[in-house]
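Student: This is the structure I want to talk about, given as structure tokens.
Laboratory data are not the source of any read-out in this text; all were calculated from the coordinates shown. The model shown is predicted, which means the values in this text are computed figures rather than measured ones. No Cβ is skipped: glycine too gets one built from the backbone with ideal geometry, and neighbour counts run over all protein chains shown.
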Ligand code: HEC
């Protein structure tokens, strides 16, 4: 009897607008971590339905790539599948009953990685993310066995944060640094280097933002 009632309640809810709501579909922003042989790779999915067609993109900040288009996206009831090209990967999974997680298998090469994505209220901003900034701006040279004789990542990781920041601001890497904001340079230095926290040098000795001219204050004391 209870089952019957519950079934009816579900039908009734589904007949109302709630069924078309966010939580019942894969539409939205999803956050997951692929665990592969000691490495972690963050993945953010952006899924939307536009004029009845489901589509999406993927952010892979730890490989320095954002907005990778998803191919062959298919959603049927609680199931979702899609593919990614270069490097080829395929995901197949399903939404939880509450619609807040998406669990399935991520296939890449010979690996099958079980992954759970959780729904995010808003998309993360990777513009100040150290690992993303390094992969997107530095790793094309700073990789093991690189032909341009750039220090390997392990060598950079042995440097002080302040030395890395110095290289980006007025040292050998200032050309690469010039393409970034001071916050981004500090984010890379903090991610890569060791010990003390690097500060963007623009902030050193600068007046706090929004400080009014001293002489304009109305009260004077002699
Ligand atoms: C186009 C290739 C290239 C890119 C891109 C690049 N680097 Fe370099 N980097 C090099 C090379 C080559 C050296 C070695 C230069 C030398 O010793 O004369 C180097 C040296 C360095 C050093 C050591 C500097 C020193 O004073 O010894 C740091 C730190 C560094 N890079 C950080 C970065 C960071 C952080 C980025 C990304 C924002 C970056 N690099 C982007 C090629 C590159």
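Student: If we sort 138-148, 178-188 on the protection proxy, mean other Cβ atoms within 10 Å, highest first, what's the order?
Tutor: So the peptides 138-148, 178-188, ranked by packing, come out 178-188, 138-148.
Student: Is the stretch 47-116 best put as rounded, prolate or oblate by its Cα gyration tensor, with a ≥ b ≥ c the root eigenvalues, rounded for a/c under 1.5, and otherwise prolate when a/b is larger than b/c, oblate when not?
Tutor: oblate
Student: Please give the residues of the stretch 120-162, grouped as numeric ranges, whose backbone N is less than 12 Å from a label point set 7 Å along the Cα-to-Cβ vector of residue 24.
Tutor: Within reach of a label on residue 24, which here means backbone N under 12 Å from a point 7 Å along Cα→Cβ, the stretch 120-162 contributes nothing.
Student: Cα-Cα pairs above 16 Å in the stretch 126-203: how many percent?
Tutor: Everything past 16 Å amounts to 43 percent.
Student: For the pair residue 92 and residue 77, how long in nm is the line joining their label points, each one 7 Å along Cα→Cβ?
Tutor: 1.6 nm
Student: Efficiency by 1/(1 + (r/R0)^6): what FRET value for residue 33 and residue 162, r their Cβ-Cβ distance, R0 = 30 Å, to the nearest 0.05?
Tutor: Efficiency computed from Cβ-Cβ geometry: 0.50.
Student: I want to check the label-to-label distance for residue 100 and residue 112. Put each point 7 Å from Cα in the C-beta direction and report it in nm to one decimal.
Tutor: Once both label points are built, they end up 2.9 nm from each other.
Student: Let me know the shape class of the stretch 74-145, please: from the alpha-carbon gyration tensor, a ≥ b ≥ c as square roots of the eigenvalues, rounded when a/c is under 1.5, otherwise prolate if a/b is greater than b/c, or oblate.
Tutor: On the way: a/c = 2.99, a/b = 1.58, b/c = 1.89.
Cα axes put the stretch 74-145 in the oblate bin.
Student: Then there's this: Gap in Å between the Cα centre of the stretch 109-179 and the Cα centre of the stretch 23-85?
Tutor: What the calculation gives is 23 Å, centre to centre.
Student: Using 0.36 nm per residue, how much length does the chain from residue 183 to residue 122 gain when fully extended, once their Cα-Cα distance is taken away?
Tutor: Between residue 183 and residue 122, full extension yields 19.8 nm more.
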